[in-house]
Every structure is written in C-alpha cells, then in structure tokens.
Amino acid sequence: MNTTPSAPLSDEELERYARHIVLPEIGGAGQQKLKRARVLVIGAGGLGAPLLQYLAAAGVGTLGIVDDDTVALSNLQRQVIHDTQAAGKPKTESAAQSIARINPHVRVEPHALRLTTGNVAELVSAYDVVADGSDNFDTRYAVADACATAEKPLVTAAVGRFDGSLTVLMPFAADKDGQLNPGYRDLFPEPPPTGLVPTCAEAGIVGALTGVMGTLQAMEVIKLITGIGDPLIGRLLLYDGLGARFDTMRYSARRAAAE
C-alpha cells in the first residue's frame, strides 16, 4: 500500500469520517490509509457504480476509473452513479461528476479507454488495489494476470440475472501456513466458450443485485487498505438473490509455494 505521508485530516474531514474514526479497527490511522490509497476500478457500470460511490464516501484519496462506454438509458436501472441527464456522456465523466458531489476530497483519474493486454499492466502498476467490475471474460483474465504480475491485490466480482460472486486475489503472497494464495486461473482455469454465457442485455439482470455485489466489493477494498478483518482470499462468496442466501466456497492454488 501507499505509505507516502498524507496531509492531516482537516476539521471538515474529521467530521465527515467521524463514524469511521470512532471504530477502533479503523480510527484516525485507518482513515489516513484510506486518504493515501489509490484504487483502480475497472468499469463504471452496474458493479462499478456502488463500488465507486462507497469508496468515495469512505474517503479513498484517489480513484482511477477505466471505462470506454457512454451512458445509455438502459444503464440507469442499475448503474446508480449515473442519472438521466448523463445519457450520452462518457461514463468516466459522469462518474467523476457524481463523485465530486459525494466527496470533494477524492481525486478522480479517468481512463476513457478499453482495457487490453497491451495497456493493462501500465494502468494496474499505478495503483495500490484494483477492483474489477467488468462484464466480459477477456477483461477479467487480463486484469487478473496483470495484478498477479504486478503484485497488486484484486477484488473481483461477477453478476448474472439474480446471482453474484466475489473473491479477493493475492496469488503473489502466501498464507499463514506458507502456501501460495490461489489466483484467478486456479478458480477459473479457462474462459467459457464464446456465446455460452449470455450478456446482461441478452439474459437480463435485476438492478439491486449489482448494488449488493458492488457494495461487498467496496467492503473488501476498505478491508485491504486498512488491514482489518479477513479478506475473501481463497474463498468465493456466492449470493443467491432469489433465495436470499450467501454461501462460501473455498479454493486453493494448483501450484506449490516456492522454496
């Protein structure tokens, strides 16, 4: 994480973050960590919308946003960081304007581009934590591979119709027993064949589902930054919206830790 000293919290910031600061697990030191942190969010859509809103509200100092799309009316049923007046605007621009209204202390770095294997490494390297809310497997694998190489923690989630999943990836580190943490390809060795998994436009999705999963992503990012709790490393959290049920599946690395 970024250890560069940040300016002391102002009186306005102390009031804004008072409910964090009174938590012994976070306190003033944790809030300073949030202020220093640089988080890259992939996608300003269904997952990215609540994720960005809660990270901004929490006082994460710098938020990078990667998205090459523009706001459409069909997005607004779930992408709550955008509003009707934003239709036609680049999502990075619309999200940045919303974040400025939520918290003027947060710096936004917009990346209005399509993430590829050619540019992902440079983007990822500039941030402390990456949160992936993308909607395609090419991007998910590219982000996961780049984060593993750059040794950046990755919080990744996916949604479909009424179900969601979430995990935290740090395959460059070992657990308390000295075993390497699993990576994305340990969980999903290969992407499914093209066309097998329908898109949201094809299958539909309930809007509130993305709010549940995006907010859970924000919680994991905050835990990683402040060093509290037990991140979802080696655990896949599964949410069944129709059944109102959470389940957790454990998974492990397919390779041994280095001697």
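The numbers here are math on the coordinates, done by the rules we state, and not lab data. Please read these numbers as outputs of a predicted model, since none were measured by experiment. Quick reminder, even Gly has a Cβ in these numbers, built from the backbone with ideal geometry, and neighbours come from all protein chains shown.
For the peptides 40-49, 57-66, the ranking by mean Cβ contacts within 10 Å, running from highest to lowest, is 40-49, 57-66.
Under 14 Å from the Cβ of residue 1, count the other residues' Cβ atoms, weight Lys and Arg +1, Asp and Glu -1, and hand me the total. Combined, the nearby Lys, Arg, Asp and Glu give +4.
According to the Kirkwood expression over distinct Cα-Cα pairs, how big is the hydrodynamic radius of segment 140-259, in Å? All intermediate terms of the calculation are to be shown ahead of the outcome.
Working: mean 1/r = 0.0650 Å⁻¹.
Result for segment 140-259, one decimal place: 15.4 Å.
Normalising the average separation of contacting C-alpha pairs (under 8 angstrom, six or more residues apart) by the number of residues puts the relative contact order of segment 11-250 at 20 percent.
The smallest convex shape that holds all Cα atoms of the chain, its convex hull, gives 137 Å³ per residue. Considering only 117, 158, 106, and ranking their Cα positions along the charge dipole of segment 95-181 that arises from unit charges at the beta-carbon of Lys, Arg, Asp and Glu, the one farthest toward the positive end is 106.
Are there any trypsin sites (Lys or Arg not before Pro) in segment 27-94 that are in a DSSP loop and have at most 10 other Cβ atoms within 10 Å? List them by number. It would help to have the intermediate numbers written out before the result.
Numbers: sites: 33, 35, 36, 38, 78, 91; in loops: 78.
Those that pass, being in a loop and sparsely packed, number zero.
Applying 1/(1 + (r/R0)^6) with R0 = 35 Å to the Cβ-Cβ distance of residue 174 and residue 244 gives a FRET efficiency near 0.45. In terms of the mean number of neighbouring beta-carbon atoms within 10 Å, the peptides 10-22, 97-109 order highest first as 97-109, 10-22.
Among the trypsin sites (Lys or Arg not before Pro) within segment 174-253, which fall in a DSSP loop and have no more than 13 other Cβ atoms within 10 Å of their own Cβ?
Details: sites: 176, 185, 223, 235, 245, 250; in loops: 176.
Hits after loop and neighbour filter: 176.
With helices as the sole contributors, the chain gives -10000 deg cm²/dmol at 222 nm; each DSSP H run of n ≥ 4 counts as -39500 (n - 2.57), and the sum is divided by every residue.
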